[in-house]
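S.K.: Shown below is the structure under consideration.
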Amino acid sequence: MRGGREEGFTLLEILVAVTIMGLAYVAILENFSQSARSIARMEAERDQLIAGALTFERALLALDQEGQGSGDKGLNVVAEGSAYELVQLASEDGTFTTLKLKRK
């Protein structure tokens, strides 16, 4: 004790410090929560995109296995030559498109 005064923090200083730390803690938790929701949403969108790409790839492989001429109803012919034609293929939802060179 120096001059009749004790050294250390007062109760008011401790309460102010704890309040400030509590507010910072809430802000940090909110930021982590928002980040977790964003990551979950991006993963779900990525999973949907990959599933759509795989479905489109399977449809293209099935089209190739069916042979020329069968299952080609409603295909958009982009260019046509004497022996070949360039056909545009699209997924059901229109997300994926590609071109296929077909023999006539």
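S.K.: Using the Cα atoms of region 11-103 to build a convex hull, what is its mean projected area in square nanometres?
M.R.: Values: hull surface 33.5 nm².
Across all orientations, region 11-103 yields a mean hull projection of 8.4 nm².
S.K.: Using 0.36 nm times the number of residues separating residue 97 and residue 13, minus their current alpha carbon distance, what extension gain do you get?
M.R.: On the way: separation 84, 0.36 × 84 = 30.24 nm, distance 6.54 nm.
Computed gain between residue 97 and residue 13 is 23.7 nm.
S.K.: If I stretch the segment between residue 51 and residue 82 completely, what's the gain in nm (0.36 nm per residue apart, minus their alpha carbon distance), one decimal?
M.R.: Numbers: separation 31, 0.36 × 31 = 11.16 nm, distance 3.69 nm.
Length gained, residue 51 through residue 82: 7.5 nm.
S.K.: To make sure I understand, if each residue's beta carbon is the centre and we count other beta carbons within 10 Å, what order do 95, 19 fall in, fewest to most?
M.R.: Working: 95 13, 19 10.
So the ranking, lowest neighbour count to highest, is 19, 95.
S.K.: OK, next. With θ set to phi - 60° and the Karplus curve 6.51 cos²θ - 1.76 cosθ + 1.60, what are the ³J(HN,Hα) couplings of region 48-53 in order, to the nearest whole Hz, using x for Gly and Pro?
M.R.: The phi angles translate into 5, 5, 5, 5, x, 5 Hz.
S.K.: Assigning unit charges at the beta carbon (Lys, Arg +1; Asp, Glu -1) and nothing else, what dipole magnitude in debye, to the nearest 20, does region 11-103 show about its Cα centre?
M.R.: Working: 8 positive and 13 negative charges, 24 e Å.
So the magnitude is around 120 debye.
Read the figures in this text as sums done on the coordinates, not as results from a lab. A quick note: this is a predicted structure, and the numbers were derived from the prediction, not measured. Here Cβ is always computed from backbone atoms with ideal geometry, including for glycine, and neighbour counts include all displayed protein chains.
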